[in-house]
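For reference, the structure is listed below as structure tokens.
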């Protein structure tokens, strides 16, 4: 069984500027084909515009609200919303709410710093 405990996962800051907790990643936990992380964007904060050439990402908003830029589209997201980010698509998200914006990020293939390109 592959299992993690949220309280034991140490956060770090990614290239895009968000605080990340890798909840499940092959390099750490031994799963194979995808990664699962929680991203937190502070109030009035935003991630930098970036893309992943290999990974498809799914964002699922668990708390707060934000303004998502996905290529040429800009739209609102809030708790309960999900969006798929296709490989090679520039994207960023801005916290427009009054609480930290919390996002579950699923990546396949798994997230890697090498696959993150600032735009």
Contact list, first residue from region 82-97 and at positive phi and at pLDDT 95 or above, second anywhere and surrounded by fewer than 17 Cβ atoms within 10 Å (Cβ to Cβ) and in a loop (DSSP other than H, G, I, E, B), beta-carbon distance below 8 Å, six or more apart or interchain, is 88/53
Given the conditions (1) touching a strand residue (DSSP E or B) at 6+ places or on another chain (Cβ under 7 Å); (2) part of a loop (DSSP other than H, G, I, E, B); (3) within 21 Å of residue 22 (Cα to Cα), every one holds for residue 54 apart from (1)
Picking from 76, 117, 57, the residue that is free of Cβ contacts under 8 Å to residues at least 40 places away in the same chain and on the phi < 0 side of the Ramachandran plot would be 76
Would region 37-47 turn up any residue that is farther than 28 Å from residue 2 by Cβ and in a strand (DSSP E or B)?
-> yes
Restricted to region 1-14 and to residues being in contact with a strand residue (DSSP E or B) (Cβ under 8 Å, 6 or more places away or on another chain) and surrounded by fewer than 13 Cβ atoms within 10 Å (Cβ to Cβ), the residue modelled with the lowest pLDDT is 2
Residue pairs within 6 Å by beta carbon, gap of at least six or interchain, first lying in region 4-33 and at positive phi, second part of a loop (DSSP other than H, G, I, E, B) and surrounded by 12 or more Cβ atoms within 10 Å (Cβ to Cβ), listed first then second, are 17/47; 17/48
Filter region 98-114 for residues that are assigned to a loop (DSSP other than H, G, I, E, B) and either surrounded by 13 or more Cβ atoms within 10 Å (Cβ to Cβ) or at positive phi (or both); the one that is nearest to the chain's Cα centre (by Cα) is 111
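The values are calculated or read from the model by the stated rules, or taken from the named source; none is laboratory data. As the structure is a computational prediction, the values presented were derived from the model and not from experiment. Every residue, glycine among them, receives a Cβ derived from its backbone with ideal geometry; neighbour counts consider all protein chains shown.
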